[in-house]
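Scroll down for the structure; my scribbles are underneath it.
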Amino acid sequence: MVPPQYVQGTLDGLPGGVPGADGWPDEATSLRRTTFVVLDLETTGGAPDGGGITEIGAVKVCGGEELGVLGTLVNPGEPIPPFITVLTGITQAMLLPAPPIEEVLPSVLEFLRGAVLVAHNAPYDVGFLKAACARHGYTWPNPRVLDTAALARRVLTRDEVPNRKLGTLAAYFRTPHQPTHRALADARATVDVLHGLIARLGGHRVETLGDAIEFARAVTPTQRRKRHLADGLPKVPGVYIFRAADDRPLYVGTSGDIAARVRSYFTASEKRARISEMLAAAERVEAVECAHPLEAEVRELRLIAAHAPPYNRRSKYPERAVWLKLTSEPYPRLSLVRSLGPEDEAYLGPFSSRRSAELAAAGVHDAVPLRQCTPRLSVRTTSPACALAELDRCPAPCEHRISTGEYAARAVEPVRSALADDPQVLVEALLSRIGVLADARRYEEAAVVRSRLVAVLRATVRMQRLVGLTRIGELAAARRAADGGWEIAVIRHGRLAGAGTAAPGVPPRRVLELVRATAETVSPGHGPVPSASAEESERILSWLERPDTRLVETSTGWASPARGAARFRDLLARAEAASTRQVPTERT
């Protein structure tokens, strides 16, 4: 049987265990009340492959008191290199009667139970133990790990110690035990060094196990200096706002647990340069508690739209959305506009950028002979035709080659029908054009048309979904919360008007009536998103469409066109996937 391979990890991958589960210490546990098992191994010097351990020494301590000791030689089942014997004093004769690692592991794992594993250069020692467990069929318990070498790199400066070797640190702290390259002696020296480092951590406001583990990792001085901003925040769903000294919002975020999320900004896992810059400018964090995650997401969007925080990249400037609409004139055309008026009846959007709107407009022009020029045309006088008429890409209404009625039948009505109801006429025309180009092996041109098809379908599906929701005057819905209660939302014209939570045992209907009574009054308006941003209505749609969300009441039916754009979702997914892969477009 070939033993399983083991790849040694790094310090970032070491802290494990489930906080509070099976006796493992919680991250909030004070360092003074944390039980540590300080461990050291002696090995044959090779890579961790499941063997090679020659001696194990471990000391269990809590609050400065020694609770237990484990020490044993281990027969590695292989010769010991001479330089290891010179270094440690362990000879081949000493190891012959010693038990093999598979007999020692059960005692070591039991000794580790419920404690934090501490080692000097922990990845090395943990790597050998994990490899041995994997080779001999034992489950590694994945305890929390604290590395005294990493702690020393954060706590002690080069002026204090020239390096972070165990012997150097033991001499610096004047420990009663000195390392001798024997496992138990080195473990005892590491205990003394650990206590010396913990004493120094108090000056850095590191008092809990979780603080110590994060402090040992590669956090920046700014993160370390500003970590107090996370103190006292609630552990509830909501929005958090990093504010500058002048109270300006710098960054707005949301989380199901505000306290945990904000703390993560001050850990080694946060590596974004712009966030580091934001933390340097931040002076406080404001928390806005919400009834449930949906309300938190909506409040985040509204705050970002209202304040445009400089370090938020997404969801800013919803007013910059653009629309395509059919103009009201004898020979209508597509016009790019910033907003819709009550007189606008045929439109597509909203688009997040001008480029995406122009791509969809090009798709419409590929499918139907809608004019692309911008002047307002007269039914009485003619004007010169452009090159598109000569290329047979436009019926030349400017020269009156087509009547207003025929133009409406051939160009305008297909677009109106496609945007409001069934886009099949556009889809078929674009697919036919893609097929012609692919047959001629003009794959790059076919890919361009495919991207236009994607833009048209994506915008149409999105708009018809939004219209289905925003035309409803009031919709009440509920969803089971993780604690057994209910998350309740009242939506009016696509806007979250009220939110609440019914705790376990509280009748949700009573809470719903209270939420409805205090909900925001939302007036109907014109267009797919009359009362909220498109992103807010889409977040609500995602919440409503979850399998565990129940519709309680609605003022009118929630419906979409029977032959609407949604039936082309599979086609849209395939086209988007093909665009991502950049493969040649073929008729199939």
Under 19 Å from a point placed 7 Å out from the Cα of residue 562 along the Cα-to-Cβ direction: which residues of region 406-447 have their backbone N that close?
417-425
Take every Cα pair under 8 Å in region 385-498 that's 6+ residues apart, average their separations, divide by the length, and report that relative contact order as a whole percent.
13
Identify the GluC sites (Glu not before Pro) of region 483-588 meeting these criteria: DSSP loop state and at most 16 other C-beta atoms within 10 Å of the C-beta.
520, 545, 586
When the charge dipole of the chain is computed with +1 on Lys and Arg Cβ and -1 on Asp and Glu Cβ about the Cα centre, the Cα farthest towards its positive end, among 34, 79, 101, belongs to 34
May I ask you to give the percent of accessible area on the chain that is carbon plus sulfur, with a probe radius of 1.4 Å?
51
How many nm is it between the label spots at residue 445 and residue 222, if each spot is 7 Å from the Cα in line with the beta carbon?
5.2
Per the Kirkwood formula over distinct C-alpha pairs, the hydrodynamic radius of region 232-354 in angstrom is 16.7
Using alpha-carbon positions, the gyration tensor of region 101-230 gives root eigenvalues a ≥ b ≥ c; with a/c under 1.5 called rounded, otherwise prolate if a/b exceeds b/c, else oblate, the class is oblate
Gap separating the Cα centres of region 294-352 and region 160-182, nearest whole Å
65
Write out the trypsin sites (Lys or Arg not before Pro) in region 415-448 meeting two conditions: DSSP loop, and at most 15 other Cβ atoms within 10 Å of their Cβ.
441, 442
In deg cm²/dmol and to the nearest 500, what is the mean residue ellipticity at 222 nm of the chain if only DSSP H runs of at least 4 residues count, each as -39500 (n - 2.57), divided by the residue total?
-11500 deg cm²/dmol
Please report the accessible area of residue 138 (heavy atoms, 1.4 Å probe, ligands and nucleic acids excluded) in Å², nearest 10.
80
With all protein chains modelled, accessible area of residue 269 [1.4 Å, Å²]:
80
Crossing angle, helix 569-581 versus the chain [Cα axis fit, 0-90 degrees, rounded to tens]
60
Expressed as a whole number of Å, what is the distance separating the alpha-carbon centroids of region 53-87 and region 109-141?
13
From highest to lowest solvent-accessible area (probe 1.4 Å; ligands, DNA and RNA excluded), 140, 323 read 140, 323
At 1.4 Å probe radius, can you tell me the per residue accessible area of the chain in Å²?
48
Starting from the Cα of residue 277, step 7 Å along the direction of its Cβ; do the same at residue 289; then give the gap between the two resulting points in nm.
3.5
Looks like region 17-175, by Cα gyration tensor root eigenvalues a ≥ b ≥ c and the a/c under 1.5 rounded cutoff (else prolate when a/b is bigger than b/c, oblate otherwise), is oblate
On a 1.4 Å probe surface of the protein chains, which of 44, 381 comes out largest in accessible area, and what is the full order?
381, 44
For 413, 42, 78, what's the largest-to-smallest order of accessible area, 1.4 Å probe?
413, 78, 42
Tell me, what is the FRET efficiency for residue 425 and residue 139 to the nearest 0.05, using R0 = 51 angstrom and their Cβ-Cβ distance as r?
0.25
Those GluC sites (Glu not before Pro) in region 319-360 that DSSP places in a loop and that have at most 12 other beta carbons within 10 Å
343
Between the helical axis of 424-439 and the dominant principal axis of the chain, each derived from Cα atoms, what acute angle in degrees is found, rounded to the nearest 10?
70
Simple SL model, points at 7 angstrom along Cα→Cβ for residue 245 and residue 506; separation in nm is 4.2
Taking the chain and dividing mean pair separation by its residue count, relative contact order in percent (alpha carbons under 8 Å, at least six apart)
9
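Just to be sure I follow: if Rg is taken over the C-alpha atoms of region 450-562 and Rh is the Kirkwood radius over the same atoms, what is Rg/Rh?
1.03
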For residue 26, other-chain or 5+-apart residues with amide H closer than 5 Å (H placed, Pro excluded) are 20
Cα centroids of region 388-434 and region 214-266: how far apart, whole angstrom?
55
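The values are calculated or read from the model by the stated rules, or taken from the named source; none is laboratory data. This one's a predicted model, so the numbers in the text were calculated from it and none came from an experiment. Cβ coordinates were reconstructed from backbone atoms using ideal geometry, including for glycine residues, and neighbour counts include every protein chain displayed. Side chains included, ligands, DNA and RNA excluded: accessible areas come from the protein's heavy atoms. Shrake-Rupley method; radii C 1.70, N 1.55, O 1.52, S 1.80 Å.
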